[in-house]
């Protein structure tokens with residue numbers, strides 16, 4: 001099978017291997033177990049490798065590099081229009097050559113892919129919509145356009161679109177799906193012993209949309225109330241330096257620590273040792289960090305976006321953040337004052353998340369590729 005991936009993820013070529021964002025590549029490597037030849041259309045970056053990069057595990061890769069572009073501002077739009085013919089041309093001939101077309105959406109490359117795939121109604125296709133499928137959510141127009149094309153059974157045929165959660169406007173193209181990080185072999189008993197310091201983990205980009213500063217301020221409030229707390233932030237981004245300065249200015253070095261980008265193994269150990277995973281994000285698809293923390297019994301604190309309420313059992317398996325520091329601080333305090341409820345949420349969170357192992361994920365992928 002010749003398997004084509006259309007992705008906006010920047011790739012890197014080092015020592016004969018193609019690398020990309022590790023969570024995405026780890027997922028695709030499961031698909032690639034059942035693929036004879038891989039064709040990738042994506043931007044190619046000259047940036048050095050980082051701790052969050054991983055290589056494709058496949059011996060036959062044909063990489064078609066295309067320019068990276070965005071639609072933010074007049075200059076960017078003009079540059080995109082100049083690049084569009086080249087990208088469209090390469091994508092058309094790659095799709096014509098492929099046996100199976102796999103689109104990674106939403107994204108700028110995904111948008112072009114959604115349009116070009118219309119010309120191949122008989123080709124077998126899948127699309128991974130990694131964003132928020134909620135039709136009522138606020139999204140860029142390009143994301144909404146991709147949703148409409150993928151959901152339209154006249155324009156988009158012979159496809160399964162994998163989305164997070166179940167939504168009322170979904171047509172027959174749409175398949176509720178999930179993602180997985182850990183295997184059944186990694187499952188171990190949860191830590192239930194009493195601890196002196198309550199540990200919170202934030203894992204994600206240090207960008208405004210993820211609201212890491214809210215996590216910092218929430219832990220600061222708990223600390224000021226006399227709680228023994230610690231927040232470990234894993235990730236990088238433009239807010240790294242402002243958060244570092246805030247920590248120093250408020251003398252919170254013993255309570256809050258920035259770790260930057262770290263490997264899957266280091267993050268896994270952080271979740272195992274923590275009691276909470278926090279993600280006060282403005283928008284998510286499937287918040288991987290939340291699901292990973294839940295796998296190890298962390299009580300999730302997350303905003304009510306996309307499929308997050310379903311993941312948290314509408315409060316049964318965690319706390320839905322109101323984004324009001326006073327209210328959320330009171331909610332966390334009330335939970336800590338009820339140890340049975342606190343422990344129960346962690347146990348329920350782990351039981352739910354452990355349904356979605358890499359073995360189960362692989363079984364579902366095999367069905368899609370058959």
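Observations on the structure shown:
- Cα pair count fraction exceeding 22 Å, expressed as % - segment 155-257: 55
- Ranking of 102, 314, 8 by count of other Cβ atoms within 10 Å, fewest first: 314, 8, 102
- For segment 258-331, the Stokes-Einstein estimate of translational diffusion at 20 °C and a viscosity of 1.002 mPa s comes to 169 µm²/s, using the Kirkwood hydrodynamic radius over alpha-carbon pairs.
- Kirkwood Rh, Cα atoms: Rg over Rh of segment 188-353: 0.92
- Here the relative contact order of the chain, from alpha carbon pairs under 8 Å that lie six or more residues apart, stands at 14 percent.
- Rg/Rg_ref, segment 198-260, where Rg_ref = 2.2 N^0.38 Å and atoms are Cα: 1.00
- Hull shadow area, averaged, segment 146-208 [alpha-carbon convex hull, nm²]: 8.6
- Intensity falloff of segment 301-370 expressed as log10 I(q)/I(0), Debye formula with alpha-carbon point scatterers, at q = 0.14, 0.29 Å⁻¹: -0.54, -1.23
- Most to least packed among 186-196, 204-214, 234-244 [average Cβ atoms within 10 Å]: 204-214, 234-244, 186-196
- Per residue, the convex hull spanned by the alpha carbons of the chain comes to 144 Å³.
- Dimensions in Å of segment 1-156 - Rg and Dmax from alpha carbons: 15.3, 45
- Computed across segment 87-202, the Kirkwood radius stands at 16.4 Å (inverse of mean 1/r, all Cα pairs).
- Per-q log10 I(q)/I(0), segment 216-311, q = 0.15 Å⁻¹ (Debye; single scatterer per alpha-carbon; no solvent): -0.64
- Here, segment 1-88 is characterised by an Rg to Rh ratio of 1.01, where Rg is the alpha-carbon radius of gyration and Rh the Kirkwood radius.
- Ranking of 6, 201, 116 by neighbouring Cβ atoms within 10 Å, starting from the fewest: 116, 201, 6.
- Packing, as the average of other Cβ atoms within 10 Å across residues, places the peptides 257-266, 66-75, 33-42 in the order 33-42, 257-266, 66-75, highest first.
- Dividing the summed -39500 (n - 2.57) terms of all DSSP H runs of n ≥ 4 by the residue count of the chain sets its mean residue ellipticity at 222 nm at -11500 deg cm²/dmol.
Rule-based calculations on the coordinates, nothing more; no lab input. All figures in this text were calculated on a predicted structure; none of them were measured in a lab. Note that we place each Cβ from the backbone using ideal geometry, even for glycine, and neighbour counts take in every protein chain shown.
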